[in-house]
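Participant: Below is a structure I'd like to ask you about.
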Amino acid sequence: MSPLVRKYKLTNQQIAQILDDFLEGRGSPAAWDGFTLGMSFDDAEHEKIRLRCLRLGEEFPPANPSEYCNEQGREVIRQYVTQLRSEV
(Lines give C-alpha, C1' and ligand atoms only; values in the text may rest on other atoms or scores of the structure.)
Protein backbone atom coordinates (compact mmCIF):
# COMPACT_ATOMS: atom_id res chain seq x y z
CA MET A 1 0.00 0.00 0.00
CA SER A 2 1.23 3.46 -0.84
CA PRO A 3 2.52 5.55 2.08
CA LEU A 4 0.50 8.44 0.65
CA VAL A 5 -2.81 6.76 1.47
CA ARG A 6 -4.34 8.56 4.43
CA LYS A 7 -5.48 6.34 7.28
CA TYR A 8 -8.31 7.78 9.34
CA LYS A 9 -8.51 7.61 13.12
CA LEU A 10 -12.08 7.92 14.32
CA THR A 11 -13.46 6.90 17.68
CA ASN A 12 -15.97 4.12 18.10
CA GLN A 13 -18.56 6.79 18.87
CA GLN A 14 -17.83 8.70 15.65
CA ILE A 15 -18.20 5.59 13.52
CA ALA A 16 -21.35 4.57 15.39
CA GLN A 17 -22.77 8.03 14.63
CA ILE A 18 -22.01 7.69 10.91
CA LEU A 19 -23.77 4.32 10.86
CA ASP A 20 -26.71 5.55 12.92
CA ASP A 21 -27.12 8.63 10.70
CA PHE A 22 -27.22 6.35 7.67
CA LEU A 23 -29.88 4.11 9.24
CA GLU A 24 -32.02 7.06 10.31
CA GLY A 25 -31.71 8.88 6.99
CA ARG A 26 -29.89 11.81 8.59
CA GLY A 27 -26.64 11.32 6.72
CA SER A 28 -26.17 12.36 3.14
CA PRO A 29 -25.30 9.83 0.44
CA ALA A 30 -21.94 11.61 0.21
CA ALA A 31 -21.29 10.93 3.91
CA TRP A 32 -22.01 7.22 3.46
CA ASP A 33 -19.87 7.06 0.33
CA GLY A 34 -17.13 8.90 2.19
CA PHE A 35 -17.22 6.30 4.94
CA THR A 36 -17.46 3.20 2.75
CA LEU A 37 -15.38 4.32 -0.24
CA GLY A 38 -13.27 7.28 0.82
CA MET A 39 -11.82 6.19 4.13
CA SER A 40 -9.38 3.61 5.30
CA PHE A 41 -8.69 3.01 8.98
CA ASP A 42 -5.59 2.23 11.02
CA ASP A 43 -7.76 0.29 13.46
CA ALA A 44 -8.34 -3.22 12.08
CA GLU A 45 -11.82 -3.54 13.62
CA HIS A 46 -12.94 -0.22 12.14
CA GLU A 47 -11.60 -1.27 8.75
CA LYS A 48 -13.45 -4.61 9.02
CA ILE A 49 -16.71 -2.75 9.75
CA ARG A 50 -16.14 -0.34 6.84
CA LEU A 51 -15.48 -3.15 4.38
CA ARG A 52 -18.52 -5.15 5.54
CA CYS A 53 -20.74 -2.07 5.22
CA LEU A 54 -19.34 -1.46 1.75
CA ARG A 55 -20.60 -4.88 0.62
CA LEU A 56 -23.97 -5.01 2.42
CA GLY A 57 -25.89 -4.14 -0.75
CA GLU A 58 -24.42 -7.20 -2.46
CA GLU A 59 -24.77 -9.47 0.56
CA PHE A 60 -28.31 -8.30 1.35
CA PRO A 61 -29.78 -6.91 -1.88
CA PRO A 62 -32.66 -4.48 -1.41
CA ALA A 63 -36.12 -5.17 -2.83
CA ASN A 64 -36.43 -1.45 -3.57
CA PRO A 65 -33.68 -0.16 -5.90
CA SER A 66 -33.59 3.18 -4.07
CA GLU A 67 -32.38 1.45 -0.88
CA TYR A 68 -28.84 0.41 -0.07
CA CYS A 69 -29.63 -3.01 1.39
CA ASN A 70 -32.54 -4.97 2.81
CA GLU A 71 -33.65 -5.21 6.46
CA GLN A 72 -31.10 -7.93 7.23
CA GLY A 73 -28.33 -5.60 6.08
CA ARG A 74 -29.72 -2.77 8.21
CA GLU A 75 -29.73 -5.15 11.18
CA VAL A 76 -26.02 -5.80 10.63
CA ILE A 77 -25.45 -2.03 10.81
CA ARG A 78 -27.56 -1.79 13.99
CA GLN A 79 -25.44 -4.52 15.57
CA TYR A 80 -22.27 -2.58 14.70
CA VAL A 81 -23.75 0.58 16.27
CA THR A 82 -24.52 -1.33 19.46
CA GLN A 83 -21.08 -2.96 19.51
CA LEU A 84 -19.23 0.32 18.92
CA ARG A 85 -21.21 2.21 21.54
CA SER A 86 -20.66 -0.49 24.15
CA GLU A 87 -16.88 -0.52 23.72
CA VAL A 88 -15.06 2.22 25.58
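Participant: Go through the residues of the stretch 39-50 one by one and say whether even a single one is over 19 Å from residue 12 (Cβ atoms) and either hydroxyl-bearing (Ser, Thr, Tyr) or modelled with pLDDT of 95 or more (or both).
Facilitator: First, pick out the residues of the stretch 39-50 that are over 19 Å from residue 12 (Cβ atoms): none.
For the stretch 39-50, residues over 19 Å from residue 12 (Cβ atoms) and either hydroxyl-bearing (Ser, Thr, Tyr) or modelled with pLDDT of 95 or more (or both): absent.
Participant: Here's something else I'd like to know. Does residue 21 satisfy the condition of being of a type in the set (Asp, Glu), modelled with pLDDT of 95 or more and part of a helix (DSSP H, G or I)? Steps first, answer last, please.
Facilitator: Numbers: of a type in the set (Asp, Glu): yes; modelled with pLDDT of 95 or more: yes; part of a helix (DSSP H, G or I): yes.
Here the answer is yes, as residue 21 does meet what is asked.
Participant: Name the single residue, out of those in the stretch 52-73 being out of contact with any helix residue (DSSP H, G or I) (no Cβ under 6 Å at 6 or more places or on another chain) and not in a loop (DSSP other than H, G, I, E, B), that is nearest to residue 18 (Cα to Cα).
Facilitator: Step by step, filter the stretch 52-73, then rank; the result is 52.
Participant: What number of residues within the stretch 51-64 are free of Cβ contacts under 8 Å to residues at least 24 places away in the same chain, surrounded by 12 or more Cβ atoms within 10 Å (Cβ to Cβ) and charged (D, E, K, R)?
Facilitator: So the answer is 2.
Participant: Also, I was wondering about something else. Take residue 42 and decide whether it is exposed (fewer than 12 other Cβ atoms within 10 Å of the Cβ), within 20 Å of residue 87 (Cα to Cα) and not hydroxyl-bearing (Ser, Thr, Tyr).
Facilitator: Answer is yes for this residue.
Participant: Mind checking which pairs have a first residue in the stretch 65-87 that is surrounded by 13 or more Cβ atoms within 10 Å (Cβ to Cβ) and a second that is of a type in the set (S, T, N, Q) and not in a helix (DSSP H, G or I), Cβ under 9 Å, 6 or more apart or different chains?
Facilitator: Once the first residue is surrounded by 13 or more Cβ atoms within 10 Å (Cβ to Cβ) and sits in the stretch 65-87, its partners that are of a type in the set (S, T, N, Q) and not in a helix (DSSP H, G or I) give 70/64; 84/11.
Participant: Exactly one of these conditions fails for residue 32: (1) in contact with a helix residue (DSSP H, G or I) (Cβ under 6 Å, 6 or more places away or on another chain); (2) modelled with pLDDT of 95 or more. Give me its number.
Facilitator: (2) is the only condition that residue 32 fails.
Participant: Still on this model: Are any of the residues in the stretch 11-34 farther than 22 Å from residue 66 by Cβ, surrounded by fewer than 18 Cβ atoms within 10 Å (Cβ to Cβ) and of a type in the set (Ser, Thr, Tyr)?
Facilitator: Looking for residues that are farther than 22 Å from residue 66 by Cβ, surrounded by fewer than 18 Cβ atoms within 10 Å (Cβ to Cβ) and of a type in the set (Ser, Thr, Tyr), one finds at least one in the stretch 11-34, hence yes.
The values are calculated or read from the model by the stated rules, or taken from the named source; none is laboratory data. Because the structure is predicted, anything quoted here is derived from the model rather than measured. Here the Cβ is made from the backbone with ideal geometry for all residues, glycine too, and neighbour counts use every protein chain on show.
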